[in-house]
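Take a look at the structure set out below.
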Amino acid sequence: MTSPNMPKAVYIEDVIERVIQYTKFHLQNTLYPQYDPVYRVDPHGGGVLSSKAKRAKCSTHKQRVIVMLYNKVCDIVSSLSELLEIQLLTDTTILQVSSMGITPFFVENVSELQLCAIKLVTAVSTF
């Protein structure tokens, strides 16, 4: 959708909203728990650990699939910021995009995503 000279018929609002929902789902349920242990849920229901204790127990090794998903999500966030400059979106979509752009700043170890989110938040604020 962000390619040059794209016809206006391509900008289908439902598709854009689904992409945003899909991206937010994977950020919250897959990527944030993998990159920041504070977002992990203990499957055994163990004792409550502080955020510092969770981060101390964390390993930095990531599966190849997770890294590929992380890179794709970064591309999507960057493309959404370009799309905001091209196409006007509804208020509800803008709210979803802005929450997706602000959340990475509260997550550790996602610096590339934070850079993409800066671009997205800037595009939202100029809207």
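The values are calculated or read from the model by the stated rules, or taken from the named source; none is laboratory data. What you see is a predicted model; the values in this text were computed from it and never measured. Because the Cβ atoms are built from the backbone with ideal geometry, glycine has one as well, and the counts that use them run over all protein chains shown. Side chains are part of the model used for accessible areas, which takes the heavy atoms of the whole protein and leaves out ligands, DNA and RNA. Shrake-Rupley method; radii C 1.70, N 1.55, O 1.52, S 1.80 Å.
If I go through region 101-127 residue by residue, how many of them are open to solvent by 10 Å² or more (accessible area, probe 1.4 Å) and of a type in the set (A, V, I, L, M, F, W, C)?
9
Assess whether T2 counts as being assigned to a loop (DSSP other than H, G, I, E, B), in contact (Cβ under 8 Å) with a residue 40 or more places away in the chain and in contact with a helix residue (DSSP H, G or I) (Cβ under 6 Å, 6 or more places away or on another chain).
So T2 fits the description; yes.
Quick one: what pairs do we get from region 101-123, first residue touching a residue at least 40 places away in the same chain (Cβ under 8 Å) and part of a helix (DSSP H, G or I), second surrounded by fewer than 16 Cβ atoms within 10 Å (Cβ to Cβ) and among the aliphatic types (A, V, I, L, M), C-beta under 8 Å, 6+ apart or different chains?
That search, which allows pairs on different chains as well, returns A117/I102.
Within region 45-61, can one find any residue that is open to solvent by 90 Å² or more (accessible area, probe 1.4 Å), more than 19 Å from A123 (Cα to Cα) and either modelled with pLDDT of 80 or more or assigned to a helix (DSSP H, G or I) (or both)?
yes
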